[in-house]
Amino acid sequence: MAERRKQSDSDTPRYNARVLVADDEEQMRDVLAQVLQAEGYAIDQASNGREVLEKVALANKTRPDIVLLDIGMPGSDGMQTLQTMLEQGIETPVIIITSRESGALVVKAMQIGAADYIRKPILDNDDIVLAVKRVLEYERMKQETPDSAASTSRPDPSERIIGSSPEMIAIFKIIGRVARTGATVLVTGETGTGKELMAEAIHNASDRRSGPLIKVNCAALPETLLESELFGHEKGSFTGALAQHKGRFEAAHRGTIFLDEVGEMTLSTQKKLLRVLQEREFERVGGTAPVQVDVRVIAATNRNLHNDVKEGRFREDLFYRLNVIPIHMPPLRDRKEDIPALVSYFLDKHRYSNVSLPARINEEAVGLLIEHDWPGNVRELENIIQRAVVLSRGELITPEQIVFQNEMNRYVLDVEQRVRAGASLDELIAEVRRQAAFAAMRTSDDDREKAAEQLHISLAQLDKIIAGADAPAM
């Protein structure tokens with residue numbers, strides 16, 4: 001545990017707050033109680049959801065001001081208890097505490113109404129102390145300004161982003177807090193970090209999830225086509241405009257529009273986008289009648305827009321309109337602890353066939369993945385796992401099937417070293433055959449039929465070579 005900070009006047013609770021510590025482990029309850037009592041809080045304890053509901057329903061001075069609620073309690077677990085509290089109109093703030101490592105659980109807890117979320121094991125007592133103080137201070141501010149209290153009616157999100165690292169947990173919290181608002185979101189991060197999945201997660205967790213999620217890759221279209229795609233055009237507005245065309249903003253009405261690679265927009269298109277964000281209206285290309293839309297905008301870029309603003313490539317006023325809620329997706333090299341969970345997800349997603357069980361992977365192969373720097377981030381990891389599933393024929397993935405991008409175009413067979421080690425000619429030829437098969441699979445985007453055709457062999461021969469079944473008997 002970290003050394004206890006000396007309590008100052010600013011650390012002292014503003015009012016005599018009572019904390020209910022709810023955990024089925026007596027030792028954990030006692031530890032939390034001691035930490036918070038040292039900060040001047042009054043403490044109650046509960047070992048299950050029923051006791052929590054009884055104590056928060058009290059109308060006297062022993063009613064808690066805040067609840068630390070463990071998820072994994074017997075009977076009514078923490079999520080069920082929190083849901084019941086909200087259904088009964090009990091507004092006591094709750095901090096969820098759990099050892100479960102699930103991004104979806106974090107989002108759900110925040111969406112249902114949890115004030116914060118802390119993971120076990122708790123390595124630093126200050127994490128608990130500061131979380132309690134933050135929540136109580138926020139409750140005090142809500143009491144002083146009642147209109148600022150947030151609604152507790154929360155939709156359930158559909159969240160597909162994998163990760164339990166501190167960086168991802170922080171992002172899940174942001175999703176839970178901002179999804180229901182109409183605030184514009186700017187998602188930044190390197191290519192392959194999952195910016196599009198982030199947009200989907202925000203949309204699916206929002207009140208707009210019954211509406212459309214329209215995606216636009218701003219880098220994939222030239223300026224003239226991009227403007228028409230975004231805002232539509234009137235008949236006869238340009239050569240080839242044979243009929244009125246409604247743009248993506250109109251299609252996204254009462255839903256969400258995701259503007260990927262927004263940093264690639266020209267200054268002219270940026271100006272029109274700024275008007276939509278400011279006034280929620282625009283004109284189609286060649287038109288004069290304003291079109292009003294109710295759209296939530298999520299933008300994404302792998303560029304440094306701060307630098308682009310300084311260098312005049314991106315409008316400063318548009319940047320601040322987009323950057324209301326900034327979310328930075330961390331590169332995979334900064335959250336390597338998430339790699340095993342991502343691998344498991346991709347093994348299940350990319351099965352060898354529709355009737356196959358997920359492929360398995362040994363520790364050595366996982367170790368290689370963890371050591372890699374991942375310039376292509378999560379997208380690169382998914383491609384490598386998909387390829388490894390094919391090369392292993394959906395069975396056990398070993399380091400031999402883990403091929404990184406920078407290794408794809410080179411393979412050096414040290415013939416002299418292998419001969420000195422006692423390898424036979426047949427073994428050397430079998431190794432060359434197998435590496436040639438791997439190369440053909442890579443150049444054919446893992447299409448086995450194309451790879452076999454490229455090597456002028458049958459599909460059955462290719463499968464035998466990849467599986468090592470053509471190797472000489474020892």
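The values are calculated or read from the model by the stated rules, or taken from the named source; none is laboratory data. This structure is a prediction, so every number in the text was calculated from the model and none was measured. We place every Cβ from the backbone using ideal geometry, glycine too, and count neighbours over all the protein chains shown. Protein only, heavy atoms only, side chains kept; ligands, DNA and RNA dropped before computing areas. Shrake-Rupley method; radii C 1.70, N 1.55, O 1.52, S 1.80 Å.
Couple of notes before you dig in:
- When each of Arg296, Arg284, Arg254 is tested for being in contact with a Phe, Trp or Tyr (Cβ under 8 Å, 6 or more places away or on another chain) and basic (Lys, Arg), the lone residue that passes is Arg284.
- Near pairs, Cβ below 6 angstrom, 6+ apart or cross-chain, from the range 387-402 (more than 16 Å from Ser353 (Cβ to Cβ)) to any residue that is buried (at least 18 other Cβ atoms within 10 Å of the Cβ) and of a type in the set (Ser, Thr, Tyr): Gln401/Ser392
- Consider the range 274-308 and keep the residues that are farther than 30 Å from Gly236 by Cα and open to solvent by 40 Å² or more (accessible area, probe 1.4 Å). The one that is nearest to the chain's Cα centre (by Cα) is Asn302.
- None of Asn323, Asn377, Asn383 is at positive phi and either under 23 Å from the mean Cα position of the chain (by Cα) or touching a residue at least 12 places away in the same chain (Cβ under 8 Å) (or both) except Asn377.
- Residues being closer than 16 Å to Ala46 by Cα and not in a strand (DSSP E or B) - total across the range 60-83: 16
So that you can scan it fast, the table gives a plain yes or no per residue for (1) of a type outside the set (Lys, Arg); (2) within 30 Å of Glu363 (Cα to Cα); (3) open to solvent by 30 Å² or more (accessible area, probe 1.4 Å):
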residue: Ile257; (1), (2), (3): yes, no, no
residue: Lys272; (1), (2), (3): no, no, yes
residue: Lys310; (1), (2), (3): no, no, yes
residue: Val324; (1), (2), (3): yes, no, yes
residue: Glu337; (1), (2), (3): yes, yes, yes
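- Some residue of the range 228-239 being free of Cβ contacts under 8 Å to residues at least 24 places away in the same chain and either acidic (Asp, Glu) or within 21 Å of Gly312 (Cβ to Cβ) (or both): yes
- Per-region count, the range 367-407, residues over 24 Å from Arg434 (Cβ atoms) and in a loop (DSSP other than H, G, I, E, B): 4
- In the range 65-87, the condition of being more than 26 Å from Ser164 (Cβ to Cβ) and either modelled with pLDDT under 85 or over 35 Å from the mean Cα position of the chain (by Cα) (or both) is met by at least one residue.
- Residues satisfying the stated conditions in the range 443-474, i.e. open to solvent by 70 Å² or more (accessible area, probe 1.4 Å), modelled with pLDDT under 75 and over 40 Å from the mean Cα position of the chain (by Cα): Ala473, Met474
- The requirement of being assigned to a loop (DSSP other than H, G, I, E, B) and under 26 Å from Ala299 (Cα atoms) is not satisfied by Pro358.
- Annotation note: of Ala59, Ala42, the sole residue that is of a type in the set (Gly, Ala, Ser), open to solvent by 10 Å² or more (accessible area, probe 1.4 Å) and at pLDDT 90 or above is Ala42.
- Filter result for the condition that a residue is within 20 Å of Ile161 (Cβ to Cβ) and of a type outside the set (Phe, Trp, Tyr), over Ala300, Ala289: Ala300
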